[in-house]
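Asks: This is the structure, below, for whatever I ask next.
No value in this document is a laboratory result; all are computed from the given coordinates. Fair warning: this is a prediction, and the values are worked out from it, not measured in the lab. Here the Cβ positions follow ideal geometry from the backbone for every residue, glycine too, while neighbour counts run over all protein chains shown.
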Amino acid sequence: MLYTALFWFVFAVVVAMVEVFSGTFYLLAVALGLAGVGAALAMGLGLSVGLALGAGLMLLGVAGVWRWRQRSALSAPGRMDLDLGAEVALVSYQAGNPQHGRVRYRGCEWDARLSFTGPPPPVGSLGVITGHQANCLQVRLRNAENGWST
């Protein structure tokens, strides 16, 4: 029985080592379950009890990791948006609505909600991305006379 328990412990260590490369913590829950099987076998409880204990530990571990990841995602101050502050160029205005237009960013044209002070800046004006809503960028355009709008 002890050699069988040793197999489960070694298997648990191997899975825990693989976890180091994945970084998701789910494999740690699996390793916990495998170690539980090994512990049950080392205590002489039998394979069926060990497998039941291991399955229970795995389920609890996976549920715990899932709950922890959900809480940490909700409590994060916000996802880091690498597009914020990037420079864009105004390509065109939407007909009849100078608050919407198309901008060129990363080699593509994007829909944008535009903000500026005074009259609408001319096509070709530069701006910065201040946010986005779905696939629509929020852009603050530079005015020709006084620099950045507020």
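Asks: I'd like the Karplus ³J(HN,Hα) series for the range 96-108: coefficients 6.51, -1.76, 1.60, θ = phi - 60°, whole numbers in Hz, and an x wherever there's a Gly or Pro.
Replies: Running phi through 6.51 cos²θ - 1.76 cosθ + 1.60 with θ = phi - 60° gives x, 9, x, 7, 10, x, 10, 10, 9, 8, 6, x, 10 Hz.
Asks: What translational diffusion coefficient, in µm²/s and rounded to a whole number, does the Stokes-Einstein relation yield for the range 1-75 at 20 °C and a viscosity of 1.002 mPa s, taking the hydrodynamic radius as the Kirkwood radius over Cα pairs? Mind showing how you got there, number by number?
Replies: Details: Rh = 12.6 Å.
The diffusion coefficient I find is 170 µm²/s.
Asks: Next question. Placing +1 at every Lys and Arg Cβ and -1 at every Asp and Glu Cβ, with all other atoms neutral, what dipole size does the chain have around its Cα centre, in debye to the nearest 20? Don't jump to the answer; show the numbers that get you there.
Replies: Working: 10 positive and 7 negative charges, 37 e Å.
In total the dipole reaches around 180 debye.
Asks: Could you run the Karplus curve 6.51 cos²θ - 1.76 cosθ + 1.60 with θ = phi - 60° over the range 19-28 and give me ³J(HN,Hα) per residue in whole Hz, x for Gly and Pro?
Replies: 3J(HN,Hα) across the range 19-28, in whole Hz: 4, 4, 7, 8, x, 9, 6, 5, 5, 5.
Asks: Any idea what angle helix 47-75 forms with the longest principal axis of the chain, computed on alpha-carbon atoms, 0 to 90 degrees, nearest 10?
Replies: 20 degrees
Asks: Once you place label points 7 Å from the Cα toward the Cβ at Ala95 and Phe21, how far apart are they in nm?
Replies: For Ala95 paired with Phe21, the spin-label model returns 5.7 nm.
Asks: Given the Cα-Cα distance of Asp83 and Arg71 and 0.36 nm per residue of separation, how much length would full extension add, in nm?
Replies: Values: separation 12, 0.36 × 12 = 4.32 nm, distance 2.53 nm.
Value of the extension gain: 1.8 nm.
Asks: For the chain, what does the relative contact order come out to in percent, with C-alpha contacts under 8 Å and a separation of six or more? Walk me through the numbers on the way to the answer.
Replies: Numbers: 242 pairs, mean separation 21.9, N = 150.
Worked out over the chain, it gives 15 percent.
Asks: In Å and whole numbers, how far do the C-alpha atoms of the chain stretch along each principal axis, longest first?
Replies: Largest to smallest, the principal-axis extents are 83, 24, 22 Å.
Asks: Follow-up. With loop defined by DSSP as not H, G, I, E or B, and exposure as at most 16 other Cβ atoms within 10 Å, which is the longest segment of the chain clear of exposed trypsin sites (Lys or Arg not before Pro)?
Replies: With a cap of 16 other Cβ atoms within 10 Å, the longest stretch comes to 1-78.
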